[in-house]
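First the structure, in the form of structure tokens, and then the observations on it.
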Amino acid sequence: EKTRLAKLRRLPSVTVDAEEVELQANLEIPAELPLIAQAGAQGIGLLRTEFLFMNREDLPDEDAQFEAYSQIVGPMAGDVVTIRVLDWGGEKDIEALAEGIVPYHSGPNPALGLRGIRMLLKRPELLEAQFAAILRVAVLGPVRILLPMVTVPAEVAQAREIFERVVRRLRRRGVALPEKLPPLGAMIETPGAALAADAIALEADFFAIGTNDLAMYTLAVDRAETEVAHLYDPLHPAVLRLVQFATEAALRLRMPVSVCGEMAGNPRLVPLLLGLGIRTLSMNASAIPRVKQVVRTLKIDDCARFARRVMEQGDPRRIQELVMEFTDGAP
Ligand code: PEP
Ligand code: MG
């Protein structure tokens, strides 16, 4: 089994009909970095930076962040690293932060409050420090920047203004910057963002569809609420239609789009995502070999036909059945 996986690592991630499917890794803590190389990931599609802000009583400054990011971008040796700026709030562990460091209000409903890019735009100095650290690390390898919890195009535009201000400041400081600045992308992880994806696409350089939060906000089911866990289902047609709408908005503009929620690492759901037009999947490194194995058995035409059948269905149970049927022969 081990040698089989080692062999698989060297094989390309292509379908039977030669369509390339990029398999990237999600990274939550730097300790997972060796796994990424082992799995044969084509870069990091989602670097969650929350780890940097946890279990400490102060904020990591620009230099500390630069250090941390270099230890990831360096070893990735030229493979792209998609760094998501701080996604604080919602279900994320706010207890870890000393009171007052980040202006977090739990409010009547934390998941609908000051989360992700909303919080960062309220405290632009946090975003500035993070952008500066990321820009400095961008000379070490290709880097992309991802904004969490975007719901309106203006959030991307505002973040870009801050980004450009930081670029000017670094240039004045004489800091070396790459010739091509990192692209600025938006997470599509709320129904609002998905349904306005065509408008957000005009401001963003790429999309990363976060199906974890997209399912939560679409179905009004908290990711962490066990009482309603049976209703949490990325195969609900509402979630799939949003994924489809956002994907098509990006493809129309030839803008890069990926899926980086748990769904992307589920081998049974990969044919459906490919059928909807997705060609880049980002997942836990450990899921990559299995997903690659499945990709190498698929034909894009079959996936597209299968996705059309799925999208005609209204009942998640029926969709589940179709998915099981289609993937039963899967290795
Ligand atoms: C998501 O919401 O799908 C996602 C990838 O981000 P996170 O799980 O970190 O919220
Ligand atoms: Mg999310």
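Quick note: the coordinates plus some simple rules give every number you see, no bench work behind them. Since the structure is predicted, the reported quantities are computational estimates derived from the model, not experimental observations. Heads up, the Cβs are rebuilt from the backbone with ideal geometry, glycines too, and the neighbour counts pull from every protein chain shown.
In this simple spin-label approximation, Arg169 and Ala220 carry label points 7 Å from Cα along the Cα→Cβ vector, and these lie 4.2 nm apart.
Under the classification rounded if a/c is under 1.5, otherwise prolate if a/b is larger than b/c and oblate if not, where does segment 1-45 fall, given a ≥ b ≥ c as square roots of the Cα gyration tensor eigenvalues? Oblate is the answer for segment 1-45, as a/c is 1.5 or above yet b/c matches or exceeds a/b. In terms of surrounding Cβ atoms within a 10 Å radius of their Cβ, Thr49, Thr226 rank from fewest to most as Thr226, Thr49. The Rg/Rh ratio of the chain, with both radii computed over alpha carbons and Rh defined as the Kirkwood radius, is 0.96.
Treating r as the C-beta distance of Asp328 and Asp17 and R0 as 22 Å, the FRET efficiency rounds to 0.60. The mean sequence separation of alpha-carbon pairs under 8 Å and at least six residues apart, normalised by the residue count of the chain, gives a relative contact order of 19 percent.
Once C-alpha pairs closer than 8 Å and six or more residues apart are averaged by separation and normalised to the residue number of segment 135-270, the relative contact order reads 24 percent. Going by neighbour counts of Cβ atoms within 10 Å, the residues Ser282, Ser70, Ser13, Ser258 line up, fewest first, as Ser70, Ser13, Ser258, Ser282. Near Arg279, once Lys and Arg are set to +1 and Asp and Glu to -1 for all other residues with Cβ below 9 Å from its Cβ, the sum equals -3.
A crude spin-label estimate for the pair Arg308 and Glu28, with each label 7 Å from Cα along the Cβ direction, gives 3.9 nm. Shape analysis of segment 139-267 based on the Cα gyration tensor places the equivalent ellipsoid semi-axes at 31, 15, 14 Å, largest first.
Compute the normalised compactness of segment 261-331: alpha-carbon radius of gyration over 2.2 N^0.38 Å, N being the residue count.
1.04
Assuming 0.692 mPa s and 37 °C, estimate D for segment 148-188 with Stokes-Einstein, Rh taken as the Kirkwood radius over Cα pairs, in µm²/s. Value of D from the Cα-based Kirkwood radius: 286 µm²/s. Under the simplified labelling scheme, the Glu248-Glu50 pair shows an inter-label distance of 3.2 nm, with each label point 7 Å from Cα along Cα→Cβ.
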